[in-house]
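As structure tokens, the structure follows; a few thoughts come after it.
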Amino acid sequence: MAKRQIVRIDQEKCDGCGICVPSCAEGAIQIVDGKAVLVEDKFCDGLGACLGECPQDALTIEEREAEEFVGPAPWAAEAHGTHGPAPAPQPASPAAAESEVFVCPGSRMRQFQREGAPAVEAAPSALAHWPIKLRLVAPKAPFFQNARLLVAADCAAFAAGDFHAKYLAGKALVCGCPKFENVEDHVAKLAAILKENDIQEITIVNMEVPCCFGLVQIVRQALEASGKTPPITICTLGATGDLLQQQKIKGK
């Protein structure tokens, strides 16, 4: 086993409300004997999509030795949203089994009808520097000094038609995907950017899917590592690009 980030559940704080269960798309959390438990380490991706749902703040992310993440639990499709121990998988016909295979909310197929949408003329780009991927930028790049920093999910600019005007204009951009890229590397790089520069504020633009909450966790861990406390705005977008939720956190 190797050290990695994984969810920790404080049993003293947990009151067994079960709110965290449906927020774990992998089916790693269940209610057992009136308390939330991590049923097996290998089913927890460590991204922390469940953290913000707990009203008792019983869930945190820790780094410890744990089995490697293998993907969603086999019962996730059935147990997702339930408040009991995971049921044993039931036999099914090949056709039924294919239709019941669990699909992560971030990968679930959806199609949007945009009939009658008005033609949009090309607007000028608000991008002011290159590169933009978090793993490629240099912490001491001049465009970070005294900047308003935008930390965006890779998908966000494709979902929001007004991304440049509404979110990017006037900001230095870094982007990434917490599901497919190294979270620890992203935390270290962002912490270095914060240490090396006087960042005025941070805007996070993530998607509604559970894994994208990992972007918020990356920023929080980087702030803790850097000791910086700029004001933060968290904008969560739906798959169609609509702003579903906006949260502002004052700086210190």
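The values are calculated or read from the model by the stated rules, or taken from the named source; none is laboratory data. On a predicted model such as this, the values are computed, not experimentally measured, just so you know. A quick note on method: Cβ atoms are made from the backbone with ideal geometry, for glycine too, and the neighbour counts reach across all protein chains shown.
Quick look at the numbers
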read-out	value
Pick from region 49-60, criterion at pLDDT below 90 and not in a loop (DSSP other than H, G, I, E, B), ranking: farthest from Leu215 (Cα to Cα)	Glu53
Among the candidates Gly176, Gly170, residue that is surrounded by fewer than 19 Cβ atoms within 10 Å (Cβ to Cβ) and assigned by TED's automatic domain parsing to the domain that holds Val187	Gly170
Failed condition for Thr240, given (1) outside any loop (DSSP other than H, G, I, E, B); (2) touching a Phe, Trp or Tyr at 6+ places or on another chain (Cβ under 8 Å)	(1)
Residue within region 52-62 that is more than 12 Å from Arg8 (Cα to Cα) and touching a Pro at 6+ places or on another chain (Cβ under 6 Å) present	no
Unique match (being closer than 22 Å to Cys50 by Cα, small (Gly, Ala, Ser) and out of contact with any Cys (no Cβ under 9 Å at 6 or more places or on another chain)) among Ala192, Ala172, Ala222	Ala222
Test set (1) assigned by TED's automatic domain parsing to the domain that holds Pro231; (2) at pLDDT below 95; (3) not β-branched (Val, Ile, Thr) - Leu149 fails condition number	(2)
Residues that are closer than 22 Å to Glu181 by Cα and free of Cβ contacts under 8 Å to residues at least 40 places away in the same chain, drawn from region 2-60	Asp41, Lys42, Phe43, Cys44
Subset of region 181-202 that is crowded, with 20+ Cβ neighbours inside 10 Å and either in contact with a Ser or Thr (Cβ under 7 Å, 6 or more places away or on another chain) or not assigned by TED's automatic domain parsing to the domain that holds Gly238 (or both) - its residue that is nearest to Ala169 (Cα to Cα)	Leu194
Any hit, region 22-43, residues being of a type in the set (A, V, I, L, M), assigned to a helix (DSSP H, G or I) and at pLDDT 75 or above	no
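Every residue, every condition in (1) in a strand (DSSP E or B); (2) under 26 Å from Ala122 (Cβ atoms), yes or no:
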| position | (1), (2) |
| --- | --- |
| Leu150 | yes, yes |
| Phe158 | no, yes |
| Lys166 | no, yes |
| Phe180 | no, no |
| Ala191 | no, no |
